Amino acid sequence: MADLTTNFIGIKSPNPFWLASAPPTDKEYNVRRAFEAGWGGVVWKTLGSEGPPVVNVNGPRYGAVWGADRRLLGLNNIELITDRPLEVNLREIKSVKRDYKDRALIISLMVPCDEESWKDILKRIEDTEADGVELNFGCPHGMAERGMGSAVGQVPEYIEMVTRWVKQHSRMPCIVKLTPNISDIRKPAEAAKRGGADAVSLINTINSITSVNLDSFAPEPMIDGKGTHGGYCGPAVKPIALNMVAEIARSMETRGLPISGIGGVTTWRDAAEFMALGAGNVQVCTAAMTYGFKIVQEMISGLSQYMDEKGMVSTAELVGRAVPNVTDWQFLNLNAVSKAKIDQDACISCGRCYAACEDTSHQAISMSEDRVFEVMDDECVACNLCVNVCPVEGCITMEELPKGAVDARTGKKVGDYANWTTHPNNPSVAAAE
Amino acid sequence: MSNTPLTPGIVSGRLVAEAYAHNFDDLEPVLDGHEAHVAADRCYFCHDAPCMTACPTSIDIPLFIRQIATGTPEAAAKTIWDQNILGGMCARVCPTEQLCEEVCVREVAEGKPVEIGRLQRFATDRVMAAGVHPFTRAAPTGKRVAVVGAGPAGLAAAHRLALHGHDVVMMDRREKPGGLNEYGIASYKAPHDFAQAEVEWLLKIGGITVQTGVELGRDVTLDGLRAEYDAVFLGIGLGGVNALRAAGEDIAGVRDAVDFIAELRQQPDKAKLAIGRDVVVIGGGMTAVDAAVQSRLLGAQNVTIVYRRGQEKMSASVHEQDHAQQVGVRIICNAAPVEVIGKGGKVSAVEFAYTQDGPEGLKLLDDTFTLAADQVFKAIGQTLVAPEGMAGPKLDVQPLARVWAGGDCAQGGEDLTVTAVAEGRDAAEAIHINLMGAVR
């Protein structure tokens with residue numbers, strides 16, 4: 001069986017599955033059970049400064065988006081950082097770490113944006129023997145309004161400054177957690193790198209309103225007739241997270257900066273995708289909140305089976321494997337031609353491909369009187385929409401035409417690689433001539 | 001085809017060849033990839049899942065279904081086999097509607113459970129078809145264990161013992177290993193010689209020597225085994241059958257249902273099997289249903305199950321009863337045989353008395369009826385044939401050092417393959433602890 005052991009910025013864990021800083025990692029009782037269930041590491045829910053702890057609302061703090069069969073696809077929350085006394089958290093962290101030396105235990109931190117506050121909290125956690133710190137520059141609600149969380153994460157200069165303080169006042173490995181509530185994720189990542197961060201983790205939650213109560217006319221989750229934006233997470237945010245991870249992994253400025261991937265990881269496959277795009281490990285929250293700690297078992301068995309099948313002996317062989325294949329649109333091969341193909345044996349004749357193709361744009365699928373659906377190669381632009389709407393996995397596939405074959409739609413032979421930068425329709429090509 | 005379903009007497013070839021092939025093929029074929037995906041998607045991954053609690057072998061059902069859902073049926077199969085090495089057979093024969101699927105929260109909510117049994121088969125069939133046996137033996141311990149009986153309990157015990165590095169000699173009185181999986185299950189539930197294929201696959205663990213045609217009490221003795229081996233596991237099942245205790249039960253044409261089922265399983269050409277035109281099956285359990293259904297599938301014109309108590313007390317599941325009725329078996333309840341009537345030395349009818357079940361027991365009423373019958377199957381329970389020096393009704397091995405028992409012959413046995421597997425497995429773990437404790 002493949003070896004899932006990972007070494008992330010010098011922090012070893014038996015597998016790349018860490019629980020993200022969130023409600024499931026708020027206390028010793030939970031973290032111990034998470035480790036027993038098999039989680040490789042835990043990022044303890046964010047600690048704040050010494051003093052009276054923050055308070056949470058006493059009404060609903062989560063909102064949800066469901067898919068078919070009421071499957072939870074997206075969750076948002078308005079919970080704040082830990083509302084338990086600092087001393088209790090520190091005592092518990094130390095106790096857990098003493099008993100689980102082979103697991104990663106990271107402490108998430110969020111204190112006011114001044115050097116003394118950071119120096120103080122770093123000194124206080126020194127004694128816990130935790131493996132590292134994660135700077136919470138991500139939370140988009142509650143703390144941001146107090147000048148913390150995403151209020152810092154949205155200003156690259158602040159990120160750099162705080163990271164520098166942390167590296168100056170602590171020898172612990174430092175992970176900077178990034179907010180996605182920003183237009184270019186590379187900027188905060190670059191700032192973290194400049195500040196001396198050992199790694200970045202992303203994404204934190206996305207500003208969101210999950211739904212509106214149409215009787216009370218207020219957003220959900222609703223407290224006493226009012227609602228506010230909360231941080232969105234779960235399977236729904238994975239595509240956004242994957243893109244941001246890839247952007248950092250392939251940027252010239254941040255290339256090689258270790259990444260802890262976060263955002264909707266629910267199965268082994270999600271984790272493998274994050275890792276292929278450059279994440280050295282993944283952090284999970286919503287899946288554990290939805291299904292319990294036990295889901296890590298499927299992640300472990302699935303990833304190790306996948307790695308075995310691919311002949312990979314360590315996770316390092318997977319990390320970053322897809323990064324070279326992430327490119328910009330202008331470099332895509334415009335001479336690669338595919339056609340959709342419907343497997344008539346697998347087809348259940350629902351007609352969804354037909355509706356999608358007919359009413360979207362291309363009218364490239366025919367329908368017979370006895371409900372046989374076939375692709376018309378002379379119309380098909382290989383847009384993939386039929387594949388995406390088909391309820392039967394593998395029923396419709398995209399078949400790439402070999403070089404030299406004639407594209408029935410254009411009448412042209414499939415040629416060599418050529419992209420937009422040299423295309424005759426590109427005005428800038430003409431301008432250069 | 002010389003005979004038809006109407007031909008009187010016990011004759012073979014009542015049906016055309018294609019009918020036999022159709023009747024004895026897989027009753028419920030394996031799910032294809034799409035079906036499995038849709039079925040797996042319905043599982044809620046319940047916490048402390050009721051299905052898992054209901055499974056006698058405690059298979060981690062939510063986990064294996066999630067593994068199917070995430071495209072790793074191979075991992076799912078491993079999850080199943082970790083708890084139940086005969087997961088392939090159990091997927092076919094378990095009364096899931098009384099076990100895991102009965103308590104599935106979607107059964108409770110929608111009357112339609114997640115298809116756990118069929119998903120289990122999907123995963124295990126796939127890995128078995130690939131010839132993969134995902135277990136490796138521990139280093140040899142030098143300990144030798146005798147496993148008597150190569151049925152579900154013995155097979156499960158042998159595999160777990162071999163897994164732990166012990167050398168196992170598994171003996172069985174029959175010609176082939178498999179026990180009830182090979183000889184006692186309706187053919188259409190495990191066609192294509194699945195029982196033998198599963199045994200062969202199971203033996204891939206290594207370290208298990210199979211000795212067939214070896215009977216306890218005839219070829220070996222318990223004392224001899226205890227002297228020769230470090231431990232003995234008895235999974236000998238129930239070798240005897242209950243008598244009808246009605247007049248005329250020795251008349252030609254009256255037969256034990258278990259023998260009929262075994263013969264049927266071993267005959268590859270079902271057209272050669274003789275069956276009556278008017279078949280009466282006496283009993284209310286799975287054996288009765290299997291005998292009755294297969295009588296119909298062999299072309300019997302009239303098949304009737306007669307059970308002495310109310311239908312709700314039949315130990316055959318409702319699902320099985322429904323299936324029997326769908327293939328045309330008639331079920332009569334609250335009637336007990338009083339006499340098997342012969343004509344010319346052969347059975348011609350059975351006389352029954354209606355019964356009344358009360359607090360003081362079952363009472364035969366004066367009202368009687370007679371069913372025409374040219375063949376009668378007795379399916380009124382099996383009994384332990386205890387080894388010398390031991391007594392029934394179930395084996396008590398407590399007083400014997402280094403002897404364990406499991407399956408139908410043992411105290412907890414309840415006539416279910418899956419229970420036998422659990423007991424064999426657990427006995428093996430107990431034996432392992434016992435043997436290795438002695439080493440230290």
Handout entry: Separation of alpha-carbon centers, the range A:114-144 and the range B:1-51, rounded to whole Å
Key = 63 Å
Practice task
Starting with the fewest neighbours, write out A:T179, B:T7, B:T70 ranked by other beta-carbon atoms found within 10 Å of each beta-carbon.
Solution key: B:T7, B:T70, A:T179
Practice task
Using only atoms on other chains, find how many Cβ atoms lie within 10 Å of each Cβ of peptide B:60-70 and report the average.
Solution key: 4
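Can you work out D for chain B in µm² s⁻¹ from Stokes-Einstein, where Rh is the Kirkwood radius over C-alpha pairs, the temperature is 4 °C and the viscosity is 1.567 mPa s? If you can, show how the numbers build up before the last one.
Working: Rh = 23.0 Å.
Using the Kirkwood radius from Cα pairs, D works out to 56 µm²/s.
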Practice task
Based on other C-beta atoms within 10 Å, arrange B:C43, A:C350 from fewest to most.
Solution key: A:C350, B:C43
Handout entry: Cβ-defined net charge surrounding B:Q266, 9 Å radius [Lys, Arg +1; Asp, Glu -1]
Key = -1
Handout entry: Computed FRET value (nearest 0.05) for A:K167 with A:S368, which takes r as the C-beta separation and R₀ as 45 Å
Key = 0.10
Completion exercise
Checking rank on A:38-44, A:146-152, with mean other Cβ inside 10 Å and highest first, the result is A:38-44, A:146-152
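Peptide A:285-298: average number of partner chain Cβ atoms within 10 Å per residue? Mind showing how you got there, number by number?
Values: counts 0, 0, 1, 0, 0, 1, 6, 5, 1, 8, 4, 0, 7, 13.
Mean number of neighbouring Cβ atoms from other chains: 3.
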Exercise for the section: Calculate the mean, over all residues of peptide A:299-312, of how many other protein chain Cβ atoms lie within 10 angstrom of the residue's Cβ. Expected result: 3
Completion exercise
Ordered by fewest other Cβ atoms within 10 Å, a rough proxy for footprinting exposure, B:R42, A:R91, A:R103 read A:R91, B:R42, A:R103
Problem - Convex hull (Cα only) mean projected area of the range B:231-279, reported in nm² to one decimal - result: 5.7 nm²
Problem - Cross-link table A:K45/A:K97; B:K78/B:K394; A:K310/B:K204; B:K143/B:K176, entries beyond 23 Å C-alpha to C-alpha - result: B:K78/B:K394; A:K310/B:K204; B:K143/B:K176
Handout entry: Within the range A:186-279, GluC sites (Glu not before Pro) in DSSP loop having at most 12 other beta-carbon neighbours inside 10 Å
Key = A:E253
Practice task
Would you mind computing, in nm to one decimal, how far apart the modelled labels at B:D259 and B:L362 are, each placed 7 Å from Cα along Cα→Cβ?
Solution key: 2.2 nm
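Fully extended, how many nm does the chain gain between A:T228 and A:N419 (0.36 nm per residue separation, minus their Cα-Cα distance)?
64.2 nm is the gain from fully extending A:T228 to A:N419.
Based on the Cβ-Cβ distance from B:V132 to B:Q398, what FRET efficiency comes out when R0 is 30 Å, to the nearest 0.05? Write out the running numbers ahead of the final one.
Numbers: r = 39 Å, r/R0 = 1.31.
Working from the Cβ atoms, E equals 0.15.
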Handout entry: Antiparallel DSSP beta bridges within the protein assembly as shown, percent to nearest 5
Key = 40 percent
Handout entry: Label-reachable residues, the range A:343-382, where backbone N falls under 14 Å from a point 7 Å from A:A68's Cα toward its Cβ
Key = A:348-353
Exercise for the section: Loop only per DSSP, at most 10 neighbouring Cβ atoms within 10 Å: give me the trypsin sites (Lys or Arg not before Pro) in the range B:107-211, ordered by residue number. Expected result: none
Practice task
Please report, in debye to the nearest 20, how large the charge dipole of the range A:1-135 is about its Cα centre when each Lys and Arg carries +1 at its beta carbon and each Asp and Glu carries -1 there.
Solution key: 480 debye
Practice task
Rank A:I342, A:C383, A:V414 by how far each Cα sits towards the positive end of the charge dipole of the range A:329-432 (+1 on Lys, Arg Cβ; -1 on Asp, Glu Cβ) and give me just the farthest.
Solution key: A:V414
Exercise for the section: Consider just the alpha-carbon atoms of the range B:33-129 and return their Rg together with their Dmax, both in angstrom. Expected result: 11.7, 35
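Across all directions of projection, what mean area in square nanometres is found for the Cα convex hull of the range A:6-321? Mind dumping the intermediate values first?
On the way: hull surface 62.0 nm².
In nm², the orientation-averaged hull projection of the range A:6-321 is 15.5.
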Handout entry: Estimated inter-spin distance, A:N384 and A:Q330, nm [label 7 Å along Cα→Cβ]
Key = 2.2 nm
Practice task
Give me the net charge of A:A20's neighbourhood, meaning all other residues with Cβ under 14 Å from the Cβ of A:A20; Lys, Arg count +1, Asp, Glu -1.
Solution key: -1
Practice task
At a Cα cut-off below 21 Å, give the lysines reachable from A:K412, other chains included and same-chain residues fewer than 8 away excluded.
Solution key: A:K339, A:K341, A:K403
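How long are the semi-axes of the equivalent ellipsoid of the protein assembly as shown, defined as square roots of 5 times the Cα gyration tensor eigenvalues? Whole Å, largest first. Could the numbers behind the result be given before it?
Details: eigenvalues 768, 253, 135 Å².
Ellipsoid half-lengths, sorted descending, are 62, 36, 26 Å.
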Fill in the blank from the handout: Label model pair B:A19, A:V88: point-to-point distance (7 angstrom along the Cα→beta-carbon line) in nm is 7.7 nm
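No lab work stands behind these numbers, since they all come straight from the coordinates. Not measured: the values here are computed from a predicted model. Glycine gets a Cβ as well: all are built from the backbone with ideal geometry, and neighbour counts include every protein chain shown.
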